[in-house]
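Right, one structure below, let's go through it.
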4 protein chains.
Amino acid sequence: MEVGFLGLGIMGKAMSMNLLKNGFKVTVWNRTLSKCNELVEFGASIGETPAQVVKKCRLTIAMLSDPAAALSVVFDKDGVLEQIGSGKGYIDMSTVDPETSSKISQAITSTGGAFLEAPVSGSKQPAETGQLVILAAGDKGLYEESIPAFDVLGKKSFFLGQVGNGAKMKLVVNMIMGSMMNAFSEGLVLSERSGLNPHDLLDVLDLGGIANPMFRGKGPAMLKSNHSPAFPLKHQQKDMRLALALGDENAVSMPVAAAANESFKKARSMGLGDLDFSAVYEILKMTKD
Amino acid sequence: MEVGFLGLGIMGKAMSMNLLKNGFKVTVWNRTLSKCNELVEFGASIGETPAQVVKKCRLTIAMLSDPAAALSVVFDKDGVLEQIGSGKGYIDMSTVDPETSSKISQAITSTGGAFLEAPVSGSKQPAETGQLVILAAGDKGLYEESIPAFDVLGKKSFFLGQVGNGAKMKLVVNMIMGSMMNAFSEGLVLSERSGLNPHDLLDVLDLGGIANPMFRGKGPAMLKSNHSPAFPLKHQQKDMRLALALGDENAVSMPVAAAANESFKKARSMGLGDLDFSAVYEILKMTKD
Amino acid sequence: MEVGFLGLGIMGKAMSMNLLKNGFKVTVWNRTLSKCNELVEFGASIGETPAQVVKKCRLTIAMLSDPAAALSVVFDKDGVLEQIGSGKGYIDMSTVDPETSSKISQAITSTGGAFLEAPVSGSKQPAETGQLVILAAGDKGLYEESIPAFDVLGKKSFFLGQVGNGAKMKLVVNMIMGSMMNAFSEGLVLSERSGLNPHDLLDVLDLGGIANPMFRGKGPAMLKSNHSPAFPLKHQQKDMRLALALGDENAVSMPVAAAANESFKKARSMGLGDLDFSAVYEILKMTKD
Amino acid sequence: MEVGFLGLGIMGKAMSMNLLKNGFKVTVWNRTLSKCNELVEFGASIGETPAQVVKKCRLTIAMLSDPAAALSVVFDKDGVLEQIGSGKGYIDMSTVDPETSSKISQAITSTGGAFLEAPVSGSKQPAETGQLVILAAGDKGLYEESIPAFDVLGKKSFFLGQVGNGAKMKLVVNMIMGSMMNAFSEGLVLSERSGLNPHDLLDVLDLGGIANPMFRGKGPAMLKSNHSPAFPLKHQQKDMRLALALGDENAVSMPVAAAANESFKKARSMGLGDLDFSAVYEILKMTKD
């Protein structure tokens, strides 16, 4: 099976490599073209522009860093729109807001092309091991056609209905995650400040009904104030904001998410936005000493 | 090994049964003595009063429903204090506030007796299967002597230092759990109100980094508005309040826990205090319709 | 002095009437033209379209209900843009978000016209009595030229610098007001529920350091659950949201405003959005009974 | 009219001086007796102990710094209890929690003495000028007998019913005040960070519906980071905590007060507890720079 792949950042590189290793023929493009070379060693072809990739491939996957990049690849000169059309499919796996997704969808479908938004849950490591969770929405036929690729990239894919629902699902999950990180951080600080050993807390948590990979994976590093960014705090906060905005549209009151969001904002204001979102712990821990 | 056991409620009965099945000789007492009969069938002896149990046994375990009961069993006529003393140990596994625990500790140790507070994490089912998590604090020697019993009752026991630390650890864990339940409920409501299928959300959550037994176990029932009480909301809210009070003593700001506590209070004011703490979902879901 | 006036809602009607009574020659326009008749009785002329009003008047004031109306009056066919230009000034006194204001500003100034945003603080009654507070920003010269009109319409006008600052100032004030309304409502409910007479609370508040016209004016009606809309809750909540968004842009953590916003959202979800923003009191008061 | 007066701190001294200047005969006592001398110059007599003051006077007023001092003056050796009894009245104007007040009330009334709690709203300056607001509760007859003194000490006195209601009313007022201070501080920081002049904000606020003496009085000092303590932040936070506890007892959800309380706690943890409660502004303003 042949696919195009636009965007070779941390995620995109791991994903396209996975496709190559699993027998897909992949034509790659990246804004900085030199990043394509490593993939060429593993059998990838290079497309000089997004438009050329789309021209060559029936299905093109994009994995871009933010809404601006996702829009640019489609709408700019030499972009996807110049070649997309009936008989071709475009699958945007970037994490973008529902509005961006909907803008891209309208542009693609108005040419006769098929569109699927398919943001993923999971970061670098699951991308490398094909363990992503894929949240697809949009053209059902394109979803079904993409299943062989999704089976390589993820451990599970969902079809969630109309365009926007993939982005929304991701926001809801990340909102819960962000509130949980705050709850966890507050608990760690409380344990330390009230004379408990926070490592005991980690052990106790991991044996009970709220044990989860995030607490287990990030807890020990947090206690050493190690917040190497797997998911930067500023992106987590942005997702909280977008989830709260989604709640606002639908008149859903979410006081815990709102409180968590304010702590993330405080962390941003203290210059921690580029660290992992676990750095909100530092804000809660902060004393005069 | 021989132990006394005071209190045969849901938890106490399951725990003393476990001890009997694992070869312990157990002398039981319960305020309503008739509840002892079932255990006698499995080989238990009966003590007529807490004092008699303590007189007979080197180690006595208590599992009582609340601080009032925990105090009464020790301080009332025919209570533990009348027979405890040097060479004897008293292990209170009830969930009580640090102050109650400290009062009991002082009374016991002033007689020369050894005291251990050892609240547990886990409810009925883990009690039956010996899968509790035991949070012990107080007399280290008594802790070590109790390990054979703890190995039967729990999957893991911790020794957390001075008396009060067991109770504090439990509060910290329950505080995190309460905030998580709010985060989860807000997410479920947001998914429903913004056009997603909340069952898809449950599936997506269970595949990711924040998957945990509580979401998995309670989610489907919550979506049916089934909140049969495993842990009543009013008790969860009380633990949030006590954890926030612990934070206040130590000047720890915990905005997410505080917000979660206010939602639990709203649930209480709407008459949901006796349902499971998952009923906070109903408060968040509530609309005019 | 001659001015145009676009928009004869509650506010616009009171303001243009004030101008007429104070000797201004006023040309009015309203989407539903029949609303102009009452003003004609007091000496107003009618403009058939926004463009005709601007053509006729050197200065045109607009007072419209929302950003959509504010944009439409400028950009639509027969709109302000068709006649505005060098030597003419446009003063938008509607409450809009900074982005809308900036869009209008760019369009007007690119024609050579002068632009002033001038949202007001104060609702119907201050509009009728010329007691508004005017928050102007944009063209300093136009501000100075408008002072005679502002002196009639308001008790005080401010010039706050670049376009957007008027809108921002209004958001900040309304955010504080919204949080205060929540604080007040929580206090009223707490007094009632803990056995105090809430009318005593009103009296005590009015004698102390936090006495203010809003508590004095709205308190007695609130206790009767009378929330006739002076400023609808849904608009207050929108302003909270926009203020929080402004905070987000600038990484300002505002936990109290965020909590207040969630209570307003709850009120919206319970169908209270069209009542006065004091109706948030009902949400806080709500019990099962 | 003759009264006893116990406690000559900042408040007590001003209040007893006021009584002297208005023709009352006053017998004073203070833990450090030397503090009485200044009042003797103005005609006061000295009582060597609280008991002696009560023995001499039909009515005794107390104004002490905290619950511990309020209890000590009543229950310790040579305390009020030794001489109080039928035909005598004791009026405690200290700010204490409802529990302390109730304890004192029970002790006094069980001797046949009459008791009134009468905490005040207002600090040093209103105490000097007789402009306090007096929140009395307890014995109605004693209240009526005390009116001549209250008329000197305050601009207004309330009789609020049963003992505890005075303390509760004070907590409710201070809770609203604390939330308002947070709302105000958040607004000041937002104005600064979003490019407005916060002095303009002060001016705009003071012209509108939420204008109040606290904003007017404290705003300019806050913008200079001057937080000289009129009401120390740690006391304000304690009152927030007690008000939230009162809400908890009565199942009243107060999310804004809870969020405000967490910001005050953060301020305490940053070492600002002894500054004025306006210092919460510094927490909200804090950035990495």
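Close Lys pairs in region A:168-285 (alpha-carbon distance under 14 Å; sequence gap of 8 or more, or different chains): 8.
How much net charge surrounds residue D:92 when only the other residues with a Cβ under 14 Å from the Cβ of residue D:92 are counted, with Lys and Arg +1 and Asp and Glu -1?
Values: positive: D:88, D:103, D:170; negative: D:66, D:97, D:99, D:117, D:139.
Taking every Cβ under 14 Å from that of residue D:92, the sum is -2.
Take residue B:206, push a point 7 Å out from Cα through the beta-carbon direction, and compare it with the same point in every other copy: 2.4, 5.9, 6.2 nm, smallest first. Peptide D:151-157 has a mean shielding of 1, counted as Cβ atoms of other protein chains within 10 Å of each residue's Cβ. Once both labels are positioned 7 Å from their Cα atoms along Cα-to-Cβ, the gap between residue A:106 and residue A:2 label points is 3.3 nm. On the rotation that sends chain B to chain C, the chain B Cβ lying closest to the axis gives residue and distance in whole Å as B:255, 3. Charge dipole of the protein assembly as shown (Cα centre as origin; +1 on each Lys and Arg Cβ, -1 on each Asp and Glu Cβ, all else neutral): 0 debye, rounded to the nearest 20.
Placing a label point 7 Å from the Cα of residue D:1 along the Cα-to-Cβ direction, the distances to the matching points in the other copies come to 5.7, 7.2, 9.2 nm, shortest first.
Taking Cβ atoms as reference points and 13 Å as the exclusive limit, the residues near residue B:20 contribute a net charge of -1, counting Lys and Arg as +1 and Asp and Glu as -1. The residue list D:159, D:174, D:116 was ranked by how far each Cα lies along the charge dipole of region D:74-179 toward its positive end, using unit charges on Cβ atoms, and D:174 comes out on top.
Computing FRET efficiency as 1/(1 + (r/R0)^6) for residue A:33 and residue A:76, where r is the C-beta to C-beta distance and R0 is 25 Å, gives about 0.95.
Packing around the peptides D:257-267, A:196-206, taken as the average count of other Cβ atoms within 10 Å per residue, puts them in this order, highest first: D:257-267, A:196-206.
Charges were assigned to the Cβ only: +1 to each Lys and Arg, -1 to each Asp and Glu. The resulting dipole of chain A about its Cα centre is roughly 200 debye.
Among all helices in chain C defined by DSSP H, which have a length of 15 Å or more along the axis from Cα atoms plus a Kyte-Doolittle mean of at least -1.0?
Values: long enough: C:10-21 (17 Å, 0.59); C:98-110 (18 Å, -0.48); C:140-153 (19 Å, 0.17); C:165-193 (42 Å, 0.38); C:213-223 (16 Å, -0.02); C:233-249 (24 Å, -0.75); C:255-269 (21 Å, -0.43).
For chain C, where a helix must reach 15 Å along its axis and average at least -1.0, the hits are C:10-21, C:98-110, C:140-153, C:165-193, C:213-223, C:233-249, C:255-269.
Within a straight-line Cα-Cα reach of under 24 Å, residue A:35 can be paired with the following lysines, leaving aside sequence neighbours fewer than 8 residues apart in one chain: A:13, A:21, A:25, A:55, A:56, A:77, A:124.
Inter-chain neighbour count for A:236-242: the average number of beta-carbon atoms from partner chains within 10 Å of each residue's beta-carbon is 1.
When ranked by the protection proxy of mean other Cβ atoms within 10 Å per residue, highest first, what sequence do the peptides A:79-88, D:215-224, A:61-70, D:272-281 form? Spell out each step's value before the answer.
Numbers: A:79-88: 18.4, D:215-224: 16.7, A:61-70: 20.9, D:272-281: 23.9.
Taking the mean over residues of other Cβ atoms within 10 Å, the ranking is D:272-281, A:61-70, A:79-88, D:215-224.
At 7 angstrom along the Cα-to-beta-carbon line, where would the label on residue B:144 sit relative to the other copies? Give the distances in nm, shortest first. Ordered by increasing distance: 6.9, 7.4, 8.9 nm. Bridgeable aspartates and glutamates around residue D:156 (alpha carbons under 14 Å apart, same-chain partners fewer than 8 residues away excluded): C:200, C:203, C:206, D:144.
Residue farthest toward the positive end of the dipole of region A:168-285, with Cβ of Lys/Arg at +1 and Asp/Glu at -1: which of A:275, A:215, A:187? So the residue furthest toward the plus end is A:275.
Work out the length of the dipole vector of region B:7-164 about its Cα centre, built from +1 on the beta-carbon of each Lys and Arg and -1 on the beta-carbon of each Asp and Glu, and round it to the nearest 20 debye. Write down the numbers at each step before the final one.
On the way: 15 positive and 16 negative charges, 64 e Å.
Taking the Cα centre of region B:7-164 as origin, the dipole is about 300 debye.
Across peptide C:125-135, the mean count of Cβ atoms from other chains lying within 10 Å of each residue's own Cβ comes to 2. Note on the protein assembly as shown: Rg/Rh from C-alpha atoms, Kirkwood Rh, equals 1.03.
Read-outs throughout are calculated quantities, based only on the coordinates presented, and are distinct from any laboratory measurement. In this text the structure is predicted, and so the values were computed from the model without any measurement. Note: ideal-geometry Cβ built from the backbone for every residue, glycine included; neighbour counts use all protein chains shown.
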